[in-house]
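Everything on this sheet refers to the single structure shown next.
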Amino acid sequence: MTRGYIFFYINGQRVQLNGPRVFWRLSEFLRDERRLTGTKIVCAEGACGSCSVLQGRMEAGTLRYRAVNSCLLSLFQLDGSHVVTVEGLTPGEATSEVQGALIAAHGAQCGYCTPGFVVALTAAQEQGIAADALPSALSGNLCRCTGYLPMLEAGCAIKPAAYRPLAQIYPPDAMAADFAAHGADNIEIAVDGRRLFAPATLEEAVQIKRTHPEAVLVSGGTELAVPPSEVIDAGRALLSLGRVAALAEVRREADTLVLGAGATWTQVEAIAQTECPELAAYLRRFGAPQIRNVGTVAGSIAHVSPAADSLPPLLVLEADLEVADAQGKRLVPVREYTPRDCQGGLISRVLLPLPRAEQTLRLFKVSRRRGFDRSVVSAAFLLEAVEGRIQSLRIALSGVGPCVMRLARTEAFLKGRRLEEASLCAAGETLRAEIAPVSDGRAGAEYRGLLAENMLLKFCCSLEGNA
Amino acid sequence: MDAACSPVAFGTITCIDLEDARRVPGIVSLYTAADVPRTNHYGPIKGDDRLLAEGDVLYQGEPVVLIAGETREAVREAQKRIRIEIIPRTPITTIDGAIAAGSFLGVLREVRRGDAEAGLRDAEHVLKGQMETGGQEHLYLESQGAIAYPGEDGQLVIHASTQNTTEIQDVVAEVLGLGQHQVVCICKRMGGAFGGKESQAAPPALMAALVALKTGRAARALYGKADDMRRTGKRHPYRAEYEVGFSGNGLITALKAAFYSNGGATTDLSPGIMDRTLFHVDNAYFLPHVLLTGRICRTHLPSNTAFRGFGGPQGVAVVENIMEEIAQTLGLDALEVRQRNCYGAGERGVTPYGQAVPDGEALPELMRHLAATGEYESRREAVAAFNARSRTHVKGISMTLVKFGISFTSTFLNQANALVNVYKDGAVQVSTGGTEMGQGLNTKIKQLVADQLGILPEKVRVMPTSTEKNNNTPPTAASAGTDLNGGAAVRASGLIRARLTQFAADLLAEKNGLRVEDPAEQIIFAEGCVYDRRVPEQQIPFGDLAHAAHRERIDLGERSFYKTPGLGKDRPFFYYTLGGALAEVCIDRFTGEMTVERVDILMDIGRSINPAIDRGQLLGGFVQGMGWVTTEKVSYDEDGTLLSWPVSGYKIPSVLDLPPVFNVAFLEGAENPENVASSKAVGEPPLLLAISVWTAAKNALSFVCDGIPRLGLPATGEELLLCLYRQGRKEVVQE
């Protein structure tokens, strides 16, 4: 069936909406409408974590909570989920275990980032994150006062046994039943000349895309939602894919990772942990937990940013994109993909071949700040060498041209040469001729060019276990 | 409400068309400079700031039209519909451009001792150089904002996120033509400030006040973060041209240095900031012959302003850089050069501006102590060995010091007052002009007052800062918030205690029949009770005492004044906060990416009032300084457009930038008896210690570069890699 409203829960209370607020950002809804002003808005572009809240979604039959930036989520993306704000962590209690630990560690100075850190630390508890992974778990939250060490000390001081899980505060069964009862509905809302489609199945999504080719696809929305958004606030029809369960699947099939278009980078990182550790390590430098918890595989590809971190590995592993349209499903090599491929359809899956035993994958990202930053240049190498000679070396770079590129001429230059530093040095000139770096706010063209060339050497040294 | 701002950095306004914007539903009113009641001009030193542009525009983002509306959407829509026609002119954006055009703010400033020219002529070695240090965005998480509402008889109440309630009161009264008695400014707390809300909290407060006065309604001006970044000033970028003379063992004999700061469009606090630069070039080192000059460049950028350190870091960076360069020139260990030049006793213990550095052994001892606990010698050898071995990375290690002068260099600002009210139940409210911005001032004042009265801190409440209770106060700045406001609060509570002491002596004597000869000595205030030292079991709860005192008409309130003693021409500073940091870094030679591997800090902060708060200031200040010297690069293009915005385009440190080994310690047994509770100020000094990270990078580069590495500050990955590329010895990569 089709319904004309969205519903979700905030701190255990059901919220149902069908008016223009469906398009509001969660952060503004919480503060202006619900007067939950514990959530602080600072950057309003997903770059500081101050407005973090927990979003509980059904995973493997239960509600799993993750930290998300409320400034990047439009309310329509919340259908069938439970939002817990900093206020919701302590119903009837003075402070939670996490807050108590932060206070004891003097983890707040001006206090403006504090609710976001409370949420991030709570998310770390919900996911059972170990102490050594805490820095990474907190890397999506900026603080300008404390120097972070007190927050880490607080995180380490929380005793898991004393932590009261959200499932105890908010028994999941009734919510889960509510979500299940309405999860298969398609949503269609028309208000003030704006239209929203949020179907539950791929078939329905494809059908809508066919009948409304002008509709803008919204997946994780991390790029589209930055307010004021040309897309979300400008009144264009939206086709939200976040409710299509089939798009969120992630699994290994033979030698390929099958990634649903709507799979989040957090999901991909989890499977890569065992199936392709090099990729998992690289993914941990994507944005921040709050971004990876929302941002999707296909969203990143379809956005075709010249700085997309996701593309270099997909390019060297020669991934295929499965595009679903009215005619059915077809495969498009990622290298040939252009937005035109999706005019009458949408990306449904990404088929990512895993490196074979005789192949070596190396991935690098260079950014101004180590964590939570876009890349200046990122690089992927896939090597096959036999007896000290390069059988084939695939190279892809971001940040050195109008799009993320494979370096065909450099690859050809290196084919058959000895696998040694001198060969890679010699390839520098060819590489330079192949790229066209430009200067922008993040880095100058000279730096990008140098980085690109040095990546060859860094790759070479990494084979010896250095770099 | 909000403003429509100038899209260009410099130009002449030819037309402001508001007709279309007026028709937007929900727009209440629109104002231009012509609508400002008394004067459009204000400012902390010179009064050359403007509420709204008139005639010309002087920087991108300068407010031109004030928009008051019922909703954010209405204001946003009006912003789009306001048409401001400007004939653009070529802006000056850089120090070079300003020097070429002779565009300066204020006079040339100078600090001189001895004969620097002669000293350079006679020196065994002379090194000339130039150093550029970058700006820094405050990135306080709570952006600038204020709410104003009208009261009776033309009064205004303004709640502002400001470090200086008095200044808001002053400028609002001045601009709107009100008496200062008609304006109250209140600040409960700020979501961070770091100097950015010392003078530049004024525009939103003025906007809200103007609208409240004109419309008779409450008005709120709140910048979004992206607008805040584009409209407000930052730490001053500097250039220093220096010439230093030294002996064969690295002892400095003469220093001549010319400093240029990029002041932006107006004077703001730039002269005071330049003064502090010149007062901190010496840092921990004795400079016999010195000639330091400072000029403030006037450019078409938002006026640069106070930022934690207030010009000090820009001066200290230069002399610490010189220490590295002398060491690299002579092939000496930089720590040895620093030790040789360190302030000592006697005539080697006097600063270029004539103030004696007390305790000649303090700084050398601090260096020795830190070198020992930080294992400097063995790690220096390990770094050299690593660099001899590694072809992919290069490491560096460096120790820098700080000797930060505590006091406002504008002497009149070194005053404060406090109001302490004891209520009949013995609970206490304290009010001072000090503002809380996360630095823990309120907690420290609470402790100080509780200690004076012998009660628990929970019985003391520090009230929102308000000009109604504390008049004519200085900004909470210069690290001196606790010294000044705490000093006044201690004095006020001390006077109340003195009155209660006599009263308690009488009361206790009545009960136990023991005559009290010396009440101040014999009557004890502790743990919420008052008793005679000789009869400790006979206690009066403090609340009962207060209640009884009230019945006897004893005054339980006090308003006290404090001024820093002893300041004068040769003594701009009350005392110095000292410290040292030892940093080790590792640079990826392929990418320029730098990691800070270990930091050891030792500081003398006297007797800490609250060690946890002081540790927080130390950690936070250091990491903020680390951002300034590494990833935080403020950049404008030649049109005066800010490139390094919004938050995603400007990189403050994240948790992943913390050094994995981060040891911080305070000097044990330290005292500072002249100051409140024998403590020392701690807000700004740790930021300057992060310069050690930059000098460690310079040290690292010296292992692989030809000649002295020319490294700008901040040392971003880009800066480091380009330096390696231009000066790196080539055989290393291709061996």
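Brief remarks follow.
- The trypsin sites (Lys or Arg not before Pro) of the stretch B:17-80 that DSSP puts in a loop, and whose beta carbon has at most 12 other beta carbons within 10 Å, are B:23, B:38.
- For the stretch A:267-368, the set of trypsin sites (Lys or Arg not before Pro) satisfying both a DSSP loop assignment and a count of at most 12 other C-beta atoms within 10 Å is given as A:356.
- Residue order, fewest to most surrounding Cβ atoms within 10 angstrom, among B:559, A:406: B:559, A:406
- Label-reachable residues, the stretch B:280-306, where backbone N falls under 13 Å from a point 7 Å from residue B:348's Cα toward its Cβ: B:285-288
- Note on chain A: Lys pairs 8 or more places apart or on different chains, Cα atoms under 30 Å apart, count 5.
- Under 26 Å from residue B:511, Cα to Cα: lysines that are on another chain or at least 8 residues apart: B:424
- Per the Cα gyration tensor, the stretch B:148-272 maps to an equivalent ellipsoid with semi-axes of 42, 15, 12 Å, ordered largest to smallest.
- Aspartates and glutamates whose Cα lies under 12 Å from that of residue B:651, excluding same-chain neighbours fewer than 8 positions away: A:373, B:137, B:632
- Here r is the Cβ-Cβ distance between residue B:329 and residue B:639 and R0 is 35 Å; the resulting FRET efficiency, rounded to 0.05, is 0.30.
- C-alpha long axis of helix A:114-126 to longest principal axis of chain A, angle in °: 80 degrees
- Nearby aspartates and glutamates by direct alpha-carbon distance to residue B:395 (threshold 14 angstrom, same-chain neighbours under 8 apart not counted): B:381, B:584, B:588, B:593, B:597
- Ranking B:470, B:79, B:617 by Cα position along the charge dipole of chain B, where only Lys, Arg, Asp and Glu carry charges on their C-beta atoms, puts B:79 farthest toward the positive end.
- Computed magnitude of the charge dipole of the protein assembly as shown (debye, nearest 20; Cβ of K, R +1, Cβ of D, E -1): 980 debye
- Point-charge dipole on Cβ atoms (K/R +1, D/E -1) for the stretch B:131-214, about Cα centre, debye to 20: 240 debye
- The Cα center of the stretch B:300-333 and the Cα center of the stretch B:589-656 differ in position by 15 Å.
- Each Lys or Arg adds one and each Asp or Glu subtracts one; over the other residues with Cβ under 9 Å from the Cβ of residue A:379, this totals +3.
- Over the stretch A:302-457: Rg over Rh, Cα atoms, Kirkwood Rh: 1.00
- P(r) for chain B, from all Cα pairs and a bin width of 20 Å, is 17, 45, 30, 8, 0 %, short bins first.
- Peptides A:100-111, B:563-574, B:291-302 ranked from most to least packed by the mean count of surrounding Cβ atoms within 10 Å: B:291-302, A:100-111, B:563-574.
- Restriction of the GluC sites (Glu not before Pro) in the stretch A:61-135 to DSSP coil positions whose beta-carbon has at most 14 other beta-carbons within 10 angstrom yields A:93.
- Calculated diffusion of chain A, Stokes-Einstein form, Kirkwood radius summed over Cα pairs, 4 °C and 1.567 mPa s, µm²/s: 55 µm²/s
- Using alpha-carbon coordinates, inclination of helix A:265-275 to the longest axis of chain A, degrees: 50 degrees
- Annotation: the protein assembly as shown has a Kirkwood hydrodynamic radius of 32.4 angstrom, from the mean reciprocal C-alpha pair distance.
- Helix A:172-183 and the longest principal axis of the C-alpha atoms of chain A enclose an angle of approximately 70°.
- Backbone HN-Hα couplings from phi across the stretch A:52-67 [Karplus 6.51/-1.76/1.60, Hz, Gly and Pro as x]: 4, 9, 8, 10, x, 10, 6, 9, 6, x, 9, 7, 10, 9, 9, 7
- Options A:63, A:26, A:10, ranked by Cα towards positive dipole end of chain A, top entry (Cβ charges): A:26
- Here the dipole of the stretch A:279-358 is about 220 debye; that uses its Cα centre as origin and unit charges on the Cβ of Lys and Arg (positive) and Asp and Glu (negative).
All of the numbers you see were taken from the coordinates with simple rules; none came from a lab. Everything quoted here is computed from the prediction, not taken from an experiment. With ideal geometry, Cβ positions are generated from the backbone for all residues, glycine too; neighbour counts draw on all protein chains shown.
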